[in-house]
Every structure is written in structure tokens, then in C-alpha cells.
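Notes follow once the structure below has been shown.
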Amino acid sequence: MLLSTLVGSIFYSLINLDTTAIAQTMISRPIVISPLIGAVIGLLNGDVVIGAKVGVIIGVLLEFFWISLLPLGSSVPPNATISSSVATVVVCYLSLGVQIEPYLITTGLVYGVCCGYVGGRTDTWLRALNAKLVKKAEPFVEKGELSVINRLNLQAIGVSILVNTLLCAALILTGITLLPAIIKCFPQEVLSALRSALWLFLLVCMGIALESFVTKKTIFYFGAMWVVGAVIISRL
Amino acid sequence: MNNSILWQIFWRSLFIQCVLNFDKMQNTGFATAMLPVIKRLFPDVEEQKKALLRNFEHFNTQPYMANLIIGLIAAKEEKFASSQDGKILDRHIGLPLLEDISHLKEITARSLAALGDTFFWGTWRPFISLVGIVIVASGIILKLTWLIGAGIAVFLIVYNLIPVIVRWYGLRLGYEKQEGIIEVILRVKPVIGRIIWWIQAISLTILACFGVFSSSQMLGALGGHGNLISYLLSGVIVIWVAVTLRRISISKVMMLVVIISVVQAYVW
């Protein structure tokens, strides 16, 4: 458990640098990071296929869920990377040796979404910390020390890796410890509800995606396309 | 400035948001990218100090578009270094060159942020995400592993094509055209508007087709029987969520989904 947690959190904190700090190549998006983390955790626990499978399913659903996150100006959105990393590690760990249960995935997704908001708050705090680092570096800039700029970058990267590794490890450990206990308390009805909630979750994700593309005029176009598709599928 | 310096700026511009902060936003990233220029143009320590200070001011724009401004400011710094008194008037707006540099930085950053946010964050990324999701999900449903890998690869490669081109050619364009980039932005704006319209139309079509297809598959997987009514009902839920999200947050919609599922499990 500790090894999975440690590897998952270090992997997350390194790839998370892509979200804001370095390059923004989107390797930190759930659709990429979840299958990777899933495969790594699977490899550590002797079942790469199950790990990668869980990673792909969670990655697709969370990519859909966080599709419209906009990092505009000074606004800090929830962190989709921590959301998918924690959900993948927790569900992978709980699925070891058993079948991938839909209720486990739904529970993991809900927990992952909550972690996304915690990650967003941490990002806000890190930006405030960066402001302090910049303020501290100002006298050196005024003196004309060019090396202070590179030092500032390294400091910010170091702090980000450290804070995010600790946060991710704490969230994974909490998830691995708490979720099985919570699921055990659920009656059968709730477990079957969580199973069908996966379908509703997918519809909600589509609604979120629709919201990022649609305007008042084009909503009718989307509705018409859906009706045509529904008619065709129901006749096939 | 030669290609080697431009490559150094390009490489360093990838760190533009490394020390992103609420006070001065991307100021450290901007100074990081400008370091090779400062070192080359101002060998005198006193001049270096002044150059570092003026490039350490507040700066905020869309990260992929920043290189246009970095190129522009590098050209202006070069002009300033060759004039050495800083009192020459700029031919475009008649301000002294140093004031002109910070004025240009401010106005171009604002307009490029608006353009970049709308295109990259608001349209391009969600569109490529959607394409990646559809390919990967089709791979899951049809049990084709290669399709899953292809979906992830398409997402990463196709997405990054435009940002890399904009970053590299933006840097060169800013450096070569200088104030001329404002005209380029004005010329490109309506074209980007049309591209956004087309991307949105294609996205809606993909989303509707994928929505109906995945609904039918999910209903089957959950042991239900898909029929026209259930597919139409799914569409109503999707549109309801999209409309509701303008008033309530995603997390509240999620809570609602869980509550509805639990109630439904107890009632039926």
C-alpha cells in the first residue's frame, strides 16, 4: 500500500508540473495520466492489465467531467490531475485480485472529484506562496543578480513537487483506508444505485461538455442531431 | 538576434508560468525568457540591472501566445540597446522607446490573452479532448486496445501541433514584425472566429452521435433495454445538465446525480 501511494504521488507531482508550471503539453490531463498511473500501479501489484483498464475508464470519465475547466487569468480551477491520479490509484488498489466493480469506479470518481477541489485550493495557496517568493527575490533583482531568476524557478518547482507529493499521498491513503470501510456500510440498494449512477455520471459529463460548446442558437441543432441519432440507433 | 538566441528564448518560454503568482502573474517567466536577450544586449552590469527590472514587471497573457510578445519586446530591447539613450521616439505611437516597450507589452498581452483564452482554452482543448474521449471510449466499448492507444496519441499529438507552431512562429513573428503584430492580430481575429464556429459545430455533431451510441451501450451493459424513449430521455438529461450548469456548479449536479440514483434504487 505504501509503495503504491508513494509511487502514485511522486508520479502525480512530476506530471502535475505540466498543468501550469512547464510547457502545458496536456500530459497532465486525466485521459493521459490515468492510464499511465494505472499501468504503473498495476505493474507494482502484479496486474498491469487491470491497472491500465481502471486507468483508461477513470481517465475517460474524468476527462469528460473536467472538459470545460478554464485556467483564465487569476482564476484557479479544480485540479483535474490530482482528481484522476487519486481516483486511479485508489480504485486500482481496491480492485486488486477482484473484478472491476462499477460501484467501486463510481465511488472512486466521486472521491476523485472531491480531491480535485482540494487540489484547486492547494494550487491557490501555491500561487500565494509564489508571490511571497517573488517578493523575497525583488531586492536581488534590484541589485541586478541575473541568477536569481533561475533560482526562483527552481524554488517554485521544488515547492510544488514537495507540496503536491505530500497532498496526493495523504489523499490516496485516506481514500484507501476510508472507502472500503464506507462501502462495507452501504446496503445492497445503494451499491446497485452506485452501479446505475455510472450511466447518469456519463450523461452529466456529456452535459458538461455540451455546455462548453453550445450557444442559445446551437442547442436546437444539438437536440435535432440527438433525435436523429436516437431514431437511427433504435431502428438498428 | 540569431537563431541560437531565439531557440534559447523558445526553450525558456516553456517556463513562462513556472512562478505564476497573484501579484505579478507571469513576471518571473517573462524575465526567464528574456534572460538570453538581456545578457547579450547589455554587457554592462548597470544596464543589465535596469533591463532585468523593466522585464520583471507585471505580465499576464495566454501562455502559448506569450511568445509573440516576448519576440516583440526582444526586438524593442535590441532597438533600445543600439540607441543607448532611450530618448528616441517610436515611429508608431510617439512615446519614448522605454515607455513604448511597457505600453506595447500591456496592450498586446491583454488582446492576445483574450484571443488565446477563447481559442486554446475555450475551444481547441475541449474539442481535442472530445475527439480523444470518443476514440478511447470506442476502443473500450469495441474492446480494441490499439484504438485506446490511438485515442491518447491523437489527443497529445494533434493538440500540441498548434501550440508548438504558435509558440515558435509567434516568437519569430513578434521579433520580425514588431508593432506590425497588432495588425496581424486584427486580421487573424475574424478568421479565428470562423474557425471557432466550425469547431463548435463539429463538436456538437460528434457529441450528439457519441451520446446516443454510448447511451445505448451503457443501457445494454447495465441490463436495461434501450429504446427510442430511453435514448430521448438521455438527451433531455444531457441538455438539462448543460442548461442548469449556467446557474449551479458541477459539484451540486454531481450530488444530485448520487441522490437521484440512491432514491431510484430504493423506489424501484
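A short reminder: the numbers here are calculations on the coordinates, not readings from a lab. Just so you know, these numbers come straight off a predicted model, no measurement behind them. Cβ atoms come from the backbone with ideal geometry, glycine included; neighbour counts cover every protein chain shown.
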With Cα coordinates, the longest principal axis of chain B makes an angle with the long axis of helix B:45-54, in degrees rounded to 10, of 40 degrees
Asserting the computed 222 nm helical MRE of chain A (DSSP H runs at least 4 long, -39500 (n - 2.57) per run, divided by residue count, to nearest 500) equals -27500 deg cm²/dmol
Env charge @ B:GLY220, Cβ radius under 15 Å, K,R +1 / D,E -1, value +2
Two pseudo-spin positions, 7 Å from Cα along C-beta at B:THR244 and at A:THR25, lie apart in nanometres by 3.9 nm
Within chain B, excluding any trypsin sites (Lys or Arg not before Pro) found in a DSSP loop (not H, G, I, E or B) and having at most 16 other Cβ atoms within 10 Å, the longest uninterrupted segment runs B:144-245
If one compares the long axis through the Cα atoms of helix A:102-142 with the longest principal axis of the Cα atoms of chain A, the angle in degrees, nearest 10, works out at 20 degrees
Listed by chain and number, the lysines with an alpha carbon less than 18 angstrom from that of A:LYS135, same-chain partners under 8 positions apart left out, are A:LYS143, B:LYS24, B:LYS49, B:LYS50
Output row, site A:VAL159, 7 Å Cα→C-beta label point, backbone N cut-off 14 Å, window region A:127-149, residues A:127-138
With R₀ set to 41 angstrom, the calculated FRET efficiency between the beta-carbons of A:ILE219 and A:LYS143, to the nearest 0.05, is 0.10
Gyration tensor on Cα atoms of chain A, a ≥ b ≥ c root eigenvalues, a/c under 1.5 rounded, else prolate if a/b beats b/c, else oblate, says oblate
Here the longest stretch of chain A that holds no trypsin sites (Lys or Arg not before Pro) in a DSSP loop having at most 15 other beta carbon atoms within 10 Å is A:1-142
With +1 on the Cβ of every Lys and Arg and -1 on the Cβ of every Asp and Glu, the dipole magnitude of chain A about its Cα centre, in debye rounded to the nearest 20, is 320 debye
Taking a ≥ b ≥ c as the square roots of the Cα gyration tensor eigenvalues, with a/c under 1.5 meaning rounded and otherwise prolate when a/b beats b/c or oblate if not, the protein assembly as shown comes out prolate
So, relative contact order of chain B in percent, Cα under 8 Å, 6 or more apart, is 17 percent
For A:GLY59, the net charge from surrounding residues (Cβ-Cβ under 12 Å; K, R +1; D, E -1) works out to +1
For chain A the mean separation of alpha carbon contacts under 8 Å (6+ apart) over residue count, i.e. relative contact order in percent, is 24 percent
Here FRET efficiency (C-beta to C-beta, A:ALA170 to B:GLU106, R₀ 35 Å, nearest 0.05) is 0.25
Over chain B, the sum of -39500 (n - 2.57) across DSSP H runs of at least four, divided by residue number and rounded to 500 deg cm²/dmol, gives at 222 nm -26000 deg cm²/dmol
Each residue of B:209-217 has, on average, a number of other protein chain C-beta atoms within 10 Å of its C-beta equal to 6
Given unit charges at Cβ for Lys, Arg (+) and Asp, Glu (-), the dipole magnitude of chain B about its Cα centre in debye, nearest 20, is 500 debye
Relative to chain A, whose Cα atoms define the longest principal axis, helix A:80-94 and its Cα axis are tilted in degrees, nearest 10, by 60 degrees
Per DSSP, the loop-located chymotrypsin sites (Phe, Trp or Tyr not before Pro) within region B:10-57 having at most 13 other beta carbons within 10 Å are B:PHE22
In this structure, among A:LYS136/B:LYS177; B:LYS76/B:LYS189; A:LYS53/A:LYS216, pairs with alpha-carbon gaps over 26 Å are A:LYS136/B:LYS177; A:LYS53/A:LYS216
Rounded to whole angstrom, the alpha-carbon centroid of region A:163-236 lies from that of region B:163-192 at a distance of 40 Å
Honestly region B:1-188 on the Cα gyration tensor test (a ≥ b ≥ c root eigenvalues; a/c under 1.5 rounded, otherwise a/b vs b/c for prolate or oblate) is just prolate
Neighbour-count ranking for B:ASP100, A:ASP18 (other C-beta within 10 angstrom, fewest to most) reads A:ASP18, B:ASP100
